[in-house]
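Read the figures in this text as sums done on the coordinates, not as results from a lab. The structure presented is a predicted model; accordingly, all values stated were derived computationally and were not measured. In this analysis, Cβ positions are derived from the backbone assuming ideal geometry, glycine residues included, and neighbour counts consider all displayed protein chains.
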Amino acid sequence: MAFTIKNAPRIRSLIRLTLPKYFDAKTYIWNRFSSADAILIDIRQKTTYTDPWRRQVLAKVLDGVPYKPRVYLEATSRRISRKIWAEDIATCSHKGLYGFLIKVRDGNILNEVETIVRRDGKPLQQLVEGDHRILSKIVPHYQKDAALLMDFELKAIPYAVFKYHNFGSRDEGSWSRLEELVNYAQLANVKALAWRSMYSARVRDIEREMLTLKEIGFSGVLVRNSALIDMANKIFE
């Protein structure tokens, strides 16, 4: 069945996290993040020194029982180290991962990923089908801070992820720019998630921003604080 925006999994809350090195990671996920619609597990490395512990902890988590949230991967940037990036992406061979995050700044990596990821011992035929293979149809080529959520099950890119700053008032021009990006993605049959790039301790401000983001067409948000999951789920219901 061809992918349509109606087939996209509901993601109101996407929680971004790094798994703990010494604490039991499965318990960590169940205790803090089980109410999220999806989890983005960050295993990035900031240097070219290979330290596999993040991949090892992730593999142990994925070998455990299935989780309610869909689990996606954020790999080390290919621009930092192509070798480490490839090792991170190879983790996607595990069936417990639903997909991974593609940074627009890294370019179109789909063909390369198809040569790395194997499931049931076989290479993937095609990660993404149809027009979603052309990333510039989903996100304007100049929008380098954007990202895309690739989903193995759907063989599609159901969500684009757009960063935003703390804009404050509803009528600032930056909100209009975000609305244009949402419309651009929706024309390509893709939903949009918002990613707040700056930390804020003011929950009231974040709530107001989420309400505005919903108004302009976003389907959910990426958050880094588990305390915001229930708020996001309620607002984007």
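Stretch R119-K234 to full length: gain in nm at 0.36 nm per residue minus the Cα-Cα span? Don't jump to the answer; show the numbers that get you there.
Working: separation 115, 0.36 × 115 = 41.40 nm, distance 3.58 nm.
Gain on extension, R119 to K234, equals 37.8 nm.
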Student exercise, the range 26-132 dipole from Lys, Arg, Asp, Glu Cβ charges, in Debye to nearest 20: 360
Cα centroid separation, the range 215-233 to the range 4-80 (Å): 17
Local net charge near L127, Cβ-Cβ under 13 Å (Lys/Arg +1, Asp/Glu -1): -1
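Give me H94, H141 sorted ascending by neighbouring Cβ count inside 10 Å, so fewest comes first. Each step should come with its number before you reach the end.
On the way: H94 16, H141 9.
Taking fewest neighbouring Cβ atoms as first place, the list is H141, H94.
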Amide hydrogen neighbours beyond the local backbone of Q45, cut-off 5 Å, H modeled: T76, S77
Partner lysines for K214 [C-alpha distance under 27 Å; skip if fewer than 8 residues away on the same chain]: K6, K68, K103, K137, K144, K155, K163, K191, K234
Shape box of the range 1-109 [Cα atoms, principal axes, largest first, Å]: 39, 36, 21
³J(HN,Hα) computed for each position of the range 227-232 - Karplus, 6.51 cos²θ - 1.76 cosθ + 1.60, integer Hz, glycine/proline x: 5, 8, 4, 5, 4, 4
Charge dipole of the range 11-235 about the Cα centre (unit charges at C-beta), most positive-ward option of L73, F100, A86: A86
Under 20 Å from K122, Cα to Cα: aspartates and glutamates that are on another chain or at least 8 residues apart: D63, E87, D88, E112, E114, D151, E153
Compactness index (Cα Rg / 2.2 N^0.38 Å), the range 80-168: 1.13
For the chain, built as a Gaussian network whose Cα springs stay under 10 Å, the top-fluctuating residue of M198, M210, M150: M198
Listed residues T18, A227, A192: farthest to the positive end of the dipole of the chain (Cβ charges): T18
Under 5 Å, built H, 5+ apart or other chain: amide partners of R70: A38, I39
Extended-chain gain in nm, criterion 0.36 nm per residue less alpha-carbon gap, R79 and R224: 49.8 nm
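Gain in length, F23 to E153, computed as 0.36 nm per residue apart minus the alpha-carbon separation, to one decimal in nm? All intermediate terms of the calculation are to be shown ahead of the outcome.
Values: separation 130, 0.36 × 130 = 46.80 nm, distance 3.01 nm.
Gain in length upon complete extension: 43.8 nm.
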Within a Gaussian network of the chain (alpha carbon springs, distance under 10 Å), most fluctuating of K46, K26, K144: K46
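So how strong a dipole does the range 11-235 carry about its Cα centre when Lys and Arg Cβ are +1 and Asp and Glu Cβ are -1, to the nearest 20 debye?
Numbers: 37 positive and 26 negative charges, 104 e Å.
Charge dipole of the range 11-235: 500 debye, to the nearest 20.
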L211/K144 FRET efficiency (R0 30 Å; Cβ-Cβ; nearest 0.05): 0.60
Candidates R12, R44, R82, ranked by Gaussian network fluctuation over the chain, Cα under 10 Å, top entry: R82
Tail weight of P(r) past 21 Å, computed on alpha-carbon pairs of the chain, percent: 56
